[in-house]
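I have placed the structure first, in the form of structure tokens, so that the comments after it can refer back to it.
All of the numbers you see were taken from the coordinates with simple rules; none came from a lab. Being a predicted model, the structure only gives us computed values, none of them experimental. Cβ atoms come from the backbone with ideal geometry, glycine included; neighbour counts cover every protein chain shown.
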Amino acid sequence: MSQAANSEPTTTTPRALRTPLDGLIVAIANRVGGNKAKEVERFLKFAIVGTLGAVVDFGVLNLLQATILPPGSRENPNGFTLPIVGLFIPLVAIAVTISFVCAILSNFTWNRYWTYPDSRTRSIRRQLTQFATVSVIGWLARTTWITLSYGFIGTIAYETIHTIQPGFILSEEGIAKLGTNIALFIGIFVVMIWNFFANRYWTYNDVE
């Protein structure tokens with residue numbers, strides 16, 4: 001055998017990650033998906049990955065708000081003002097951004113190796129760039145929504161709970177944390193739908 005023959009590159013089919021949920025997911029997809037069973041399977045996996053990302057998101061956010069980035073109250077949010085430009089940056093926006101980045105790294109890894117293991121016509125760098133672009137659009141919408149609404153939502157939620165259960169008492173900071181979590185829950189759901197379709201037809205559009 002010649003040296004040229006020995007030097008020819010070989011291609012291998014990437015191996016997908018396997019989890020205990022795979023059999024159940026495939027069974028559900030085959031039952032309800034019909035000729036779109038594969039797409040249903042991908043959506044279910046994407047949703048599970050998104051749920052895991054949400055756990056990371058909520059966990060990191062609450063850890064940060066309980067330690068180094070407390071949100072403050074609606075009237076007096078904690079934050080700092082950028083020099084020269086004078087732009088006020090609330091700590092809730094920083095905490096939400098950090099938790100978002102952690103969730104995105106988790107989501108990308110699981111989606112590349114579990115949801116779309118057959119998508120390999122692009123390098124991991126290009127896919128991460130595309131995935132991050134889609135995610136940043138979702139982040140901008142989500143962070144704007146949370147930053148503008150957490151105080152109002154926290155107040156409404158607290159007043160509602162307090163009416164039902166008068167013994168339920170929260171500080172101003174506690175109300176802000178409650179509002180942040182509710183606004184984050186709503187934002188995660190909306191952004192998950194955006195992320196699935198944008199990534200399916202752009203980042204992972206090389207799969208059948």
Review point. Can you give the calculated 222 nm mean residue ellipticity of the chain, where each DSSP H run of n ≥ 4 adds -39,500 (n - 2.57) and the sum is split over every residue, rounded to the nearest 500 deg cm²/dmol?
Key: -22500 deg cm²/dmol
Exercise for review: Based on the mean of other Cβ atoms within 10 Å per residue, sort peptides 97-108, 30-41, 152-163 so the most packed one is first.
Suggested key: 97-108, 152-163, 30-41
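If we sort 179-186, 21-28 on the protection proxy, mean other Cβ atoms within 10 Å, highest first, what's the order? Intermediate values should be presented prior to the final figure.
On the way: 179-186: 19.8, 21-28: 13.4.
The densest-packed peptide leads the list: 179-186, 21-28.
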Practice item. Give the relative contact order (percent, whole number) for the chain; include only Cα pairs under 8 Å separated by 6+ residues. Key: 23 percent
Check your understanding: Going by alpha carbons, how many degrees (0 to 90, nearest 10) lie between the helix axis of 124-164 and the longest principal axis of the chain?
Key -> 30 degrees
Exercise for review: For every other residue with a beta carbon closer than 13 angstrom to the beta carbon of Trp202, add +1 if it is Lys or Arg and -1 if Asp or Glu, then tell me the sum.
Suggested key: +2
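Among 42-51, 118-127, 78-87, 140-149, what's the highest-first ranking by average C-beta atoms within 10 angstrom per residue? Could you put the intermediate results ahead of the total?
Numbers: 42-51: 19.4, 118-127: 13.5, 78-87: 9.9, 140-149: 16.5.
Per-residue Cβ counts within 10 Å, averaged per peptide and sorted highest first, yield 42-51, 140-149, 118-127, 78-87.
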